[in-house]
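Q: Quick one: the structure is below, questions incoming.
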Number of protein chains: 2
Amino acid sequence: MRATTIHGPRDIRLSEVPAPAIAAPTDAIVKVVAGCICGSDLWPYRGENPIDEGSTIGHECIGVVVETGSEVRRFREGDFVVVPFVHCDNTCAHCRHGAQSACMEQGWTESGQAEYSHVTHADGSLVKTDGPPDDDLLPSLLSLADVMATGWHAAVSAGVEKGSTAVVVGDGAVGLCGVIAAQQLGAERIVAMSRHESRQRLAREFGATDVVAERGEAGEQAVLELTGGVGADAVLECVGTGASMDTAFAIARPGSTVGFVGVPHGVELPVRRMFQKNVGLAGGIAPVRRYLPELLDLVLARTIDPGKVFDLTLPLEEVADGYRAMDERRAIKVMLRP
Amino acid sequence: MRATTIHGPRDIRLSEVPAPAIAAPTDAIVKVVAGCICGSDLWPYRGENPIDEGSTIGHECIGVVVETGSEVRRFREGDFVVVPFVHCDNTCAHCRHGAQSACMEQGWTESGQAEYSHVTHADGSLVKTDGPPDDDLLPSLLSLADVMATGWHAAVSAGVEKGSTAVVVGDGAVGLCGVIAAQQLGAERIVAMSRHESRQRLAREFGATDVVAERGEAGEQAVLELTGGVGADAVLECVGTGASMDTAFAIARPGSTVGFVGVPHGVELPVRRMFQKNVGLAGGIAPVRRYLPELLDLVLARTIDPGKVFDLTLPLEEVADGYRAMDERRAIKVMLRP
């Protein structure tokens, strides 16, 4: 099959690789209808993460089940499914506690930017729609494989509740989905920290009531002013750098929680400030499967439209262009159609 | 008045210093009935914190109000009060959110090991008993000024709930009070990590169902075995060193929270592990005032008896002996009577 592979920094190719096959009786194979590029794919793309030369890349997709192992009970050929980027049995102790991303049988989507994808523990991992979904819903359904669920996890981890003032640090696809999540969870005021006009517009469309374009200390000051010197009730950290984490802790009011979902790179947590101000940290790799039933309902009812984060759609052959567009921030998020 | 002062590492003296006076109309002066030595007093005592030579030390006391400022409404001469080690107005935005230890009008008890103590924002800070309490209740009432409320904060921050498996890291007075808190909050299994027999005994008396005497990796393995390889639902970190924090994160199950109340010294938080396992961190300086009404009821009803952490009572004159006893771990906690 054709799959996206990475061979070095900024060296993305569409290659011919062996198609995935059922390896365990709980596996399923999904024919990819749409995949996409994640902000976290840019870490290896930029050479900031180690690269396993020639390996497939891409962990988000939706598609149609084409084969199932002998023990898969809930899915069969032809089912349209969302594939969470972390697979889980959804029955182990960690899953039962809502930490499906740390499932004892954890697996990963390894070829989301490809023609086929392999899913472990299909019964636990997948969710399906009733029949094939309307075409215009595909982007939003695709967002559930990672970014919408990840933004949701940031908001849940930060403890957003009815009436909260929530601040979203980061205006990538996850941050923008975090705005949707904060709004759905009842935040009264949602501050999007973004300096890109197109992203600011989308943030407002998703429910942001305020936009702070400044960064660093100026941005922190702006948030403190917006909150009457108190700070935010909930901060969604959707970047993962040391600078964004510092901002998150600087604007979180005492007694609040920073919900973090950006893969940490060069982060040193301010433990003394956390202690003195009673600001907690929660979050991590999103337990996508935990939120999927609820998020699928919201998408199918057209209550939320996270698919708007896809502002560029390319045929799979042009995946390298997609990476370039995201790297140069010309696109928020790129959808790929095999 | 006579007050305990610190002059250098291991140099504790009882000195004559000016008695505190009303400085603001919201102040009160309390005649100390009992004060005590805190584990955190040992940081400067051991020279691990900077010392302001000749300054008073000691932040925990109970006593009788002897003078109030003109704006104090809720207290008057003769009231028996618990003095939280952090003072607060209990009305600002942070206090209303339960973060009284980060009150915008924050003040501190500065002479708890002395004859008199000065309380700022008395109306917000203090709680009183109905009339003078029974003498045998004094130790438990004194524990409410810090350690019992701090152990409670660890348990609340760690999210202990009915049926939880809670692990308490640290067998000092705070850790032991953490055991009480975990039990009151409904934990089904409470593991005390302690290698001192007398403290193990007290932990069991307070509700610990299991004791792990090992430290470091061996201790972590022991807890994992006790929990069937899953890890703890809630971890109370009651020490504050790098080693104890590492243990806390090693034994917390994915999706759980480490509640930390030990003043961090040399702690580097394992942000990647936190991210990968979805283990959060919450807590900090205990908002004592928030918990006081509830804890006072529990003590007065004799439902809890945290006063048992005081295993040595000395006259104030012998305060230097008290420090030595705690430093050498001959005493869990020392009560001082002026």
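The values are calculated or read from the model by the stated rules, or taken from the named source; none is laboratory data. If you're wondering where the values come from, they're calculated on a predicted model, not measured in any experiment. Every residue, glycine as well, gets a Cβ built from its backbone with ideal geometry; the counts of neighbours run over all protein chains shown. SASA here: full protein model, heavy atoms, side chains in, ligands and nucleic acids out. Shrake-Rupley method; radii C 1.70, N 1.55, O 1.52, S 1.80 Å.
Q: Relative to the longest principal axis of the C-alpha atoms of chain B, give the angle of the C-alpha long axis of helix B:173-184, reported between 0 and 90° and rounded to the nearest 10°.
A: It is inclined by approximately 70 degrees.
Q: Moving on to the next point. Using only alpha carbon positions, build the gyration tensor of the range B:148-283, then give the equivalent ellipsoid semi-axes as the square roots of 5 times its eigenvalues, largest first, whole angstrom.
A: They are 19, 15, 15 Å, listed largest first.
Q: Next up: Taking a quarter of the surface of the Cα convex hull of the range B:1-71, what do you get in nm²?
A: On the way: hull surface 20.7 nm².
For the Cα atoms of the range B:1-71, the hull's average projected area reads 5.2 nm².
Q: Given the peptides B:317-329, A:158-170, B:242-254, arrange them by the average over their residues of other C-beta atoms within 10 Å, most packed first.
A: So the order, starting with the most tightly packed, is A:158-170, B:242-254, B:317-329.
Q: So, with +1 on the Cβ of K and R and -1 on the Cβ of D and E, and no other charges, what is the size of the charge dipole of chain B about its Cα centre, to the nearest 20 debye?
A: Its charge dipole is roughly 680 debye.
Q: As an exercise, identify the GluC sites (Glu not before Pro) in the range B:209-270 lying in DSSP coil whose Cβ has no more than 15 other Cβ atoms within 10 Å.
A: B:Glu214, B:Glu268
Q: Right, here's the next one. Per the 1.4 Å probe, what fraction of the accessible area of the protein assembly as shown, in percent, lies on carbon and sulfur atoms?
A: Roughly 45 percent of what the probe reaches on the protein assembly as shown is carbon or sulfur.
Q: Per residue, how much accessible surface does the range B:148-283 expose to a 1.4 Å probe? Answer in Å², no decimals.
A: Details: 4590 Å² over 136 residues.
Value for the range B:148-283: 34 Å² per residue.
Q: Can you tell me the orientation of helix A:288-300 relative to chain A, as the angle in degrees between its alpha-carbon axis and the longest Cα principal axis, to the nearest 10?
A: On a 0 to 90 degree scale, this one is about 90.
Q: Moving to a separate point now. Working from the alpha-carbon coordinates of the range B:220-338, get Rg over Rh, Rh being the Kirkwood radius.
A: A ratio of 1.06.
Q: Taking the label point 7 Å from Cα in the Cβ direction, how far apart in nm is A:Pro9 from each other copy of itself, listed shortest first?
A: 4.6
Q: How many Å² of accessible surface get buried when B and A come together, counting both sides, probe radius 1.4 Å, rounded to the nearest 100? Intermediate results must be reported in sequence, preceding the final value.
A: Values: alone 14190 and 14200 Å², together 25540 Å².
For B against A, buried area totals roughly 2800 Å².
Q: I need the P(r) histogram for the protein assembly as shown: all alpha carbon pairs, bin width 10 Å from 0 out to the longest distance, whole percents.
A: Using 10 Å bins, I get a P(r) of 3, 15, 23, 22, 16, 11, 7, 3, 0 for the protein assembly as shown.
Q: Further question on the same structure: According to a simple spin-label model (label point 7 Å from Cα along Cα-to-Cβ), what is the distance in nm between A:Glu188 and B:Ala301?
A: If labels sit at B:Ala301 and A:Glu188, their model points lie 3.3 nm apart.
Q: Once the Cα gyration tensor of the range A:88-213 is found, what semi-axes does its equivalent ellipsoid get, as square roots of 5 times the eigenvalues, in whole Å, sorted largest first? Could the numbers behind the result be given before it?
A: On the way: eigenvalues 171, 70, 34 Å².
Three semi-axes, in Å: 29, 19, 13.
Q: Ok, one more. From the C-alpha coordinates alone, can you work out the Kirkwood hydrodynamic radius of the range A:1-129, in Å?
A: 14.9
Q: Also: Distances from A:Gly54 to the same position in the other copies: list them in nm, one decimal, shortest first, using label points 7 Å from Cα along Cα→Cβ.
A: A:Gly54 label point versus its equivalents elsewhere: 7.6 nm.
Q: On to the next question. For chain B, give the share of DSSP beta bridges that are antiparallel, in percent and rounded to the nearest 5; count only bridges with both residues there.
A: Counting only bridges with both partners in chain B, antiparallel ones make up about 55 percent.
Q: Compute the Rg to Rh ratio over chain A from the alpha carbon atoms, using the Kirkwood formula for Rh, and round to two decimal places. Working shown, then result.
A: Working: Rg = 19.4 Å, Rh = 20.0 Å.
When Rh is taken as the Kirkwood radius, the ratio is 0.97.
Q: Another question, then. Relative to the isolated chain, which residues of the range A:241-271 have their accessible area cut by 50 Å² or more in the presence of all protein chains (1.4 Å probe, heavy atoms, no ligands or nucleic acids)?
A: Listed in order, they are A:Pro254, A:Pro264, A:Leu269, A:Val271.
Q: For chain A, set up a Gaussian network in which alpha carbons nearer than 10 Å are linked by springs, and say which option among A:Val119, A:Val179, A:Val17 fluctuates the most.
A: A:Val17
Q: Can you list the copy-to-copy distances for A:Glu317, using a point 7 angstrom from Cα toward Cβ, in nanometres, shortest first?
A: 9.7
Q: In the protein assembly as shown, what percentage of the DSSP-assigned beta bridges are antiparallel, given to the nearest 5? Intermediate results must be reported in sequence, preceding the final value.
A: On the way: 61 of 115 bridges.
Given both bridge residues lie in the protein assembly as shown, the antiparallel proportion sits at roughly 55 percent.
Q: How big is the Rg/Rh ratio for the range B:66-140, C-alpha atoms only, Rh by Kirkwood, two decimals? Could the numbers behind the result be given before it?
A: On the way: Rg = 12.9 Å, Rh = 13.2 Å.
Across the range B:66-140, the Cα-based Rg/Rh ratio is 0.97.
Q: Suppose only helical runs count, i.e. DSSP H with n ≥ 4. What mean residue ellipticity at 222 nm does that imply for chain B under -39500 (n - 2.57) per run, divided by all residues and rounded to the nearest 500 deg cm²/dmol?
A: Calculated from helices alone, the mean residue ellipticity at 222 nm is -8000 deg cm²/dmol.
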